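A short worksheet on the structure shown next.
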Amino acid sequence: SFGAMLAEEYGDRLDDKARQYLSISLDAARQMRELVDDLVEYERMTDETSHDTGFSAAAEIRLVQGILKEAVAASGARISVGRLPRLTGSAVRFRRLMQNLLGNAIKYMPPDRVPEIVVGARADGEFWRFSVRDNGIGVEPAYFRTIFEPFKRLHPRGRYQGTGLGLAICEKIVTGFCGKIWVESEPGKGSCFHFTIRRRKAEP
């Protein structure tokens, strides 16, 4: 905050090198804030007890699209959502799960390609099986598991922003829903993230 005040009130009195140093400091502070926020959330996934309430998966994804509206507008992303079920558990955690997956689908995209994202779900025995498919840069098979580990980044921070905790948080959320998460992908042709959520007896 003080760095931002310094830039706003005294930036025009600084020479080019000083402004460059200040910009680097502000960027580092922003990255540290994001990291601390994600670390707190990652630990909270274990400590908090999820409330067993019913919610609409479709309604939560509409909220996520509103949260991501600036990224969607800037990228021109087209998001298609199929028919989704009602779920039981924490709506807030499901919303964060979808925010991370849709945000990644928009972010990890070649600069000359418009994001095409398809969200769907189907019954799979005792579970609902969700999928988030994109046409992005894809993932090498060697990293299909490691991308869910904390701080595992496949690309330099300067190319794609992030703390390296997004997919690790996703896995913790899905585990809390008694499910699993995995990816199918082909480099250069996109990825499909699958995850399962246990169905309750009262769910259709």
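Would you check which residues across region 106-124 are under 22 Å from T175 (Cβ atoms) and either among the acidic types (D, E) or out of contact with any strand residue (DSSP E or B) (no Cβ under 9 Å at 6 or more places or on another chain) (or both) and list them?
D124 - this is the single residue of region 106-124 that is under 22 Å from T175 (Cβ atoms) and either among the acidic types (D, E) or out of contact with any strand residue (DSSP E or B) (no Cβ under 9 Å at 6 or more places or on another chain) (or both).
Just to verify a result, which residue in region 67-93, among those that are within 14 Å of the chain's Cα centre (by Cα) and farther than 19 Å from D134 by Cβ, is most open to solvent (accessible area, probe 1.4 Å)?
V92
So, in region 108-122, how many residues would count as being surrounded by fewer than 20 Cβ atoms within 10 Å (Cβ to Cβ) and either modelled with pLDDT under 95 or assigned to a loop (DSSP other than H, G, I, E, B) (or both)?
Count: 5.
Can you tell me which of (1) at pLDDT below 95; (2) touching a Ser or Thr at 6+ places or on another chain (Cβ under 7 Å); (3) under 21 Å from A168 (Cα atoms) is the one D52 doesn't meet?
Going through (1) at pLDDT below 95; (2) touching a Ser or Thr at 6+ places or on another chain (Cβ under 7 Å); (3) under 21 Å from A168 (Cα atoms) one by one, D52 breaks only (3).
All but one of (1) over 14 Å from the mean Cα position of the chain (by Cα); (2) over 26 Å from R198 (Cβ atoms) hold for I106; state the number of the condition that does not hold.
Exception for I106: condition (1).
Can you list residue pairs whose Cβ atoms sit under 6 Å apart, with the first residue in region 87-109 being farther than 17 Å from L63 by Cβ and the second being open to solvent by less than 10 Å² (accessible area, probe 1.4 Å) and of a type outside the set (S, T, N, Q)? Count only pairs 6 or more apart in sequence or on different chains.
Every condition considered, the pairs that remain are Y108/G136; M109/P115; M109/G136.
The values are calculated or read from the model by the stated rules, or taken from the named source; none is laboratory data. This structure is a prediction, so every number in the text was calculated from the model and none was measured. Positions of Cβ are backbone-derived with ideal geometry, glycine not excepted, and every protein chain shown enters the neighbour counts. Heavy atoms of the whole protein, side chains included, go into the accessibility calculation; ligands, DNA and RNA do not. Shrake-Rupley method; radii C 1.70, N 1.55, O 1.52, S 1.80 Å.
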